[in-house]
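**Q** One structure, as structure tokens, below. Some questions next.
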Amino acid sequence: MVETNKKILVTVCILAAVIILILSFHLLHKPITKEQLIQRFSEFKVKYQEKKKQGLEVSEAEKWIRKAKQAFKEKDYEAANTFLDKAFETLEKAGKLLLPSFPVVKSNSWITDPVTLRDFVPFRGPLVKLPDNRIAIDRRKGWTASNFVSFGMCTDGSHIIIFHSSVNIGGGFLRLMFDDKRIFRKVTGASYYDISGKFLPHPTVHTNPVEDYVITIGYDEETRTWYHKVIYMKTSPPTEILNVEGKGRLIPLWIGKPEGPFLVHGVSGIKAGQLCLDTWGGYLDFEELTKCVYHDLETGKTYNFTSGFTFMDREYHRNLPIGSVTIKNGIATDGVEFDAMSFHKIKGEEIEFIFLLARNPLPEKLKEKFEFPEFEHTGRINFVSRGESYRFDDYIFSTDDKLQPNVYYLKGNFTDANKIVVGNVNLTAEAFAFWGWGGTENWRVHKTWWDPGGKAAWGRSFVKWRGTVTLRNETIKVEDVYGFGEFYRYKPGSPRNS
């Protein structure tokens with residue numbers, strides 16, 4: 001009997017202890033609030049900027065803070081708090097980041113290879129494929145971005161559809177313009193690589209499949225065919241709102257093979273205590289349009305376009321350090337100034353070209369402190385009807401000098417593989433529409449860190465070209481030829497050489 005009483009007493013004591021522990025936990029562990037998390041995010045941002053300015057490796061902390069923000073967005077505040085703990089912990093352990101150096105060139109337009117699957121998705125190089133097929137980059141090696149962008153314009157005589165959506169690391173952007181209707185969505189979450197046929201029967205990259213819209217880009221290397229789809233996932237079955245197919249033809253404009261050398265696209269800012277350049281590789285692959293179907297979700301109408309063009313823009317970006325620098329006040333970020341335009345004559349004799357150039361916008365006093373390589377100046381022109389393709393690196397480009405130009409001027413020569421001039425262009429383009437941040441008609445203007453009075457803006461233009469293209473002794477007159485333009489433009493607040 002005594003023994004039984006002892007057992008009962010022990011059991012009661014254990015239960016009492018458990019209850020006390022549970023009550024203590026609930027009393028001491030109060031649920032984290034939204035306001036407390038916002039304060040923690042703010043504190044993290046301050047410490048993160050301090051560590052980054054010191055040139056420390058913060059990519060691991062960036063990974064955890066992205067997870068924390070995603071959990072916060074989903075209102076899972078406990079998970080967000082746990083991820084924030086990890087972010088603070090890894091930030092405290094951050095060590096010195098040593099960025100690699102590598103060669104760069106002014107142009108790679110001499111490359112004549114067709115695009116391979118390896119060029120499309122260069123794993124064990126610019127890209128990393130995680131076990132769940134997410135696409136990632138190794139920021140510790142200086143990689144900053146990996147972009148897949150499908151560009152195109154299609155017409156049926158009554159309507160026009162313009163598309164330039166992208167699949168990026170950590171998300172993507174849906175960009176469509178049907179006549180005067182603009183559709184813009186920022187697609188969040190990871191992007192993926194797929195060979196299972198989930199969206200396309202070919203190797204495919206796509207944005208987060210749980211979002212309302214999924215952007216997909218696939219490539220069949222054997223037939224050199226590109227597939228571009230935008231899918232609305234909230235219907236049953238999902239609705240394809242854009243379905244485009246195009247076959248690569250003649251020679252792409254090569255920016256750089258995955259293994260390099262790359263081109264200099266601009267100044268990316270101060271990273272790891274170093275002034276870094278934004279370099280990139282990739283290609284722009286001209287396509288013969290074979291299919292373009294648009295479905296309007298609002299009206300339920302489907303449009304089949306029979307005329308137009310499309311091309312694939314593939315980019316892998318990497319930071320190149322050129323020297324140590326200290327910023328006493330503020331933070332130095334992008335210092336980019338570039339112009340890129342395309343030309344697509346699809347009626348009668350087919351001609352198409354793409355060119356791009358970048359300039360160093362920094363003041364002379366800062367340029368003198370570093371040894372800058374040449375910035376990109378490259379291009380390629382294809383005479384599709386004749387099966388001829390030439391380098392187009394020798395040209396002069398200008399505008400009406402507005403920050404958001406309406407008029408664009410291009411004069412230059414194109415050359416064969418032996419650098420012999422075989423023809424020239426003398427063209428003017430006028431914009432009929434624009435695309436700024438978020439799909440606005442006006443580009444967003446902002447200040448620059450290297451010129452307090454300067455202004456800069458990024459945006460795209462949709463243009464019509466006119467003028468002449470001369471091949472050998474034959475002059476071809478062009479009128480109302482569609483094209484794209486993408487620009488990051490800078491207007492100094494003081495003379496450039498100050």
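**Q** Helix by helix, which DSSP H runs in the chain go 15 Å or more along their axis at the Cα atoms and have an average Kyte-Doolittle hydropathy of 1.6 or more?
**A** Details: long enough: 2-28 (38 Å, 1.88); 34-53 (29 Å, -1.65); 59-73 (21 Å, -1.31); 77-92 (22 Å, -0.34).
Membrane-span-like by this rule: 2-28.
**Q** Ok, one more. In sequence order, what are the phi-derived ³J(HN,Hα) couplings for segment 358-371 according to the Karplus relation 6.51 cos²θ - 1.76 cosθ + 1.60 with θ = phi - 60°, rounded to whole Hz, with x for glycine and proline?
**A** With the stated coefficients, segment 358-371 comes to 10, 10, 7, x, 6, x, 4, 4, 7, 4, 5, 7, 9, 9 Hz.
**Q** Let me ask another. Provide S196, S165 in ascending order of the number of other Cβ atoms located within 10 Å of each residue's Cβ, fewest first.
**A** Listing S196, S165 from fewest to most nearby Cβ atoms yields S196, S165.
**Q** Residue by residue, what Karplus-based ³J(HN,Hα) values in Hz, rounded to whole numbers, does segment 164-177 have, using 6.51, -1.76 and 1.60 with θ = phi - 60° and x for Gly and Pro?
**A** For segment 164-177, the Karplus-derived couplings read 7, 7, 9, 10, 10, 5, x, x, x, 9, 8, 9, 9, 9 Hz, x marking Gly and Pro.
**Q** Next up: Could you give each residue of segment 411-418 its phi-based ³J(HN,Hα) in whole Hz, using Karplus coefficients 6.51, -1.76, 1.60 with θ = phi - 60°, and x for Gly or Pro?
**A** 9, x, 10, 10, 10, 8, 5, 9
**Q** Over 18 Å between C-alpha atoms is what I'm after, so list which of K86/K186; K291/K464; K186/K257; K47/K271 land there.
**A** K86/K186; K291/K464; K186/K257
**Q** For the chain, what does -39500 (n - 2.57) per DSSP helix run (n ≥ 4), summed and divided by total residues, give at 222 nm, in deg cm²/dmol to the nearest 500?
**A** Value at 222 nm, helices only, nearest 500: -5500 deg cm²/dmol.
**Q** Another question about this same structure. Take K229, K464, K402 and order them by how many other Cβ atoms sit within 10 Å, fewest up front.
**A** So the ranking, lowest neighbour count to highest, is K402, K464, K229.
**Q** Which value, in debye to the nearest 20, gives the size of the charge dipole of the chain about its Cα centre, when Lys and Arg are +1 and Asp and Glu are -1 at the Cβ?
**A** 1640 debye
**Q** Then there's this: Under 5 Å between amide hydrogens, which residues at least 5 positions from S191 or on another chain qualify, with H placed 1.01 Å from N in the peptide plane?
**A** So S191 has HN proximity to I135, G170, G171.
**Q** What shape does segment 364-498 take by its C-alpha gyration tensor, where a ≥ b ≥ c are the square roots of the eigenvalues and a/c under 1.5 counts as rounded, a/b above b/c as prolate, and the rest as oblate?
**A** Oblate is the answer for segment 364-498, as a/c is 1.5 or above yet b/c matches or exceeds a/b.
**Q** Please give the net charge around L356, taking every other residue with its beta carbon less than 9 angstrom from that of L356, where Lys and Arg add +1 and Asp and Glu add -1.
**A** -3
**Q** While we're looking at this one, here's another question. By average Cβ neighbour count within 10 Å, what is the ranking of 250-259, 233-242 from highest down? Walk me through the numbers on the way to the answer.
**A** Values: 250-259: 22.0, 233-242: 13.7.
Top to bottom by mean Cβ count within 10 Å: 250-259, 233-242.
**Q** Grab the Cα-Cα distance for M233 and N426, subtract it from 0.36 nm times how many residues apart they are, and report the gain in nm with one decimal.
**A** My answer for the length gained is 64.9 nm.
**Q** Okay, next question. Multiply the residue separation of K198 and F123 by 0.36 nm, subtract the distance between their alpha-carbon atoms, and state the gained length in nm to one decimal.
**A** 25.0 nm
**Q** Please arrange D296, D212 by counting, for each residue, the other beta carbons lying within 10 Å of its beta carbon, fewest first.
**A** Details: D296 15, D212 11.
Listed from fewest to most nearby Cβ atoms, that is D212, D296.
Quick note: the coordinates plus some simple rules give every number you see, no bench work behind them. Because the structure is predicted, anything quoted here is derived from the model rather than measured. Reconstructed Cβ throughout: ideal geometry from the backbone, glycine too, with neighbour counts over all protein chains shown.
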